[in-house]
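Student: Input: one structure, supplied below.
The values are calculated or read from the model by the stated rules, or taken from the named source; none is laboratory data. Keep in mind that this is a model prediction, so the values were computed, not measured. Cβ placement follows ideal geometry from the backbone for every residue including glycine, while neighbour counts extend to all protein chains displayed.
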Amino acid sequence: MSVNLDEQAVRFASKRYPLANLSIEFEPTSPIDALVGETDGAFDACVCLGVPARPEHRALRIDLLRELWRVLATGGWLLVGVDNGQPSPLSDDLREDLRSLPGLHLVEPAQPGPFADTLAHKAIERPAQDP
């Protein structure tokens, strides 16, 4: 599923990428609203570009990351992009927010770019072994 706040972008992407397993949706208020009602673990991968990076948007960012993590299947991947406007690594508070998600393994970018991108893997839970 792709969620965009720009209705024209949704129309263009729907025509450009007519795939049976891809849903491109317009959500005028918030990407979080588009995910409400989705089944836990419904997606093998989530890509979220434009995650709020400013400190005053931290509560919104945490809510968005938690909702993306909820709909991500175990063993799935989450790609997060934050537009910093200049090459720089992820901020410490965003890294901390990501690490608060249960079972997350961060894959740091090879080199910083205009987007502070990070890839996270939702670890497969292994049953506890008897001693």
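Student: Hey, Gly37 hits all of (1) at positive phi; (2) touching a strand residue (DSSP E or B) at 6+ places or on another chain (Cβ under 8 Å) but one; which does it fall short on?
Tutor: All conditions pass for Gly37, except number (2).
Student: What are the residues in segment 21-66 that are of a type in the set (Ser, Thr, Tyr) and at pLDDT 90 or above, if any?
Tutor: Scanning segment 21-66 gives a single hit, Thr39.
Student: Any residue in segment 46-58 that is within 24 Å of Glu96 (Cα to Cα) and touching a residue at least 60 places away in the same chain (Cβ under 8 Å)?
Tutor: yes
Student: Further question: If you go through segment 31-64, how many residues are in contact with an Asp or Glu (Cβ under 9 Å, 6 or more places away or on another chain) and either outside any helix (DSSP H, G or I) or loosely packed, with under 12 Cβ neighbours inside 10 Å (or both)?
Tutor: 7
Student: Evaluate the following for Glu67: is it of a type in the set (Asp, Glu) and not assigned by TED's automatic domain parsing to the domain that holds Asp93? Before you say what the answer is, go through the steps one by one.
Tutor: Numbers: of a type in the set (Asp, Glu): yes; not assigned by TED's automatic domain parsing to the domain that holds Asp93: no.
The answer is no for Glu67.
Student: Now for a different question. Could you give me the residue pairs with C-beta distances under 7 Å whose first residue belongs to segment 17-43 and is closer than 17 Å to Leu5 by Cα, whose second residue is part of a strand (DSSP E or B) and of a type outside the set (Gly, Ala, Ser) wherever it lies, and which are 6+ apart or on separate chains?
Tutor: Short answer, once both residue conditions are applied: Glu25/Val3; Phe26/Asn4; Glu27/Val3; Pro31/Val3; Ala34/Val3; Ala34/Glu25.
Student: Inspect all residues belonging to segment 81-101 and state whether any of them is modelled with pLDDT under 70 and in a helix (DSSP H, G or I).
Tutor: Looking for residues that are modelled with pLDDT under 70 and in a helix (DSSP H, G or I), one finds at least one in segment 81-101, hence yes.
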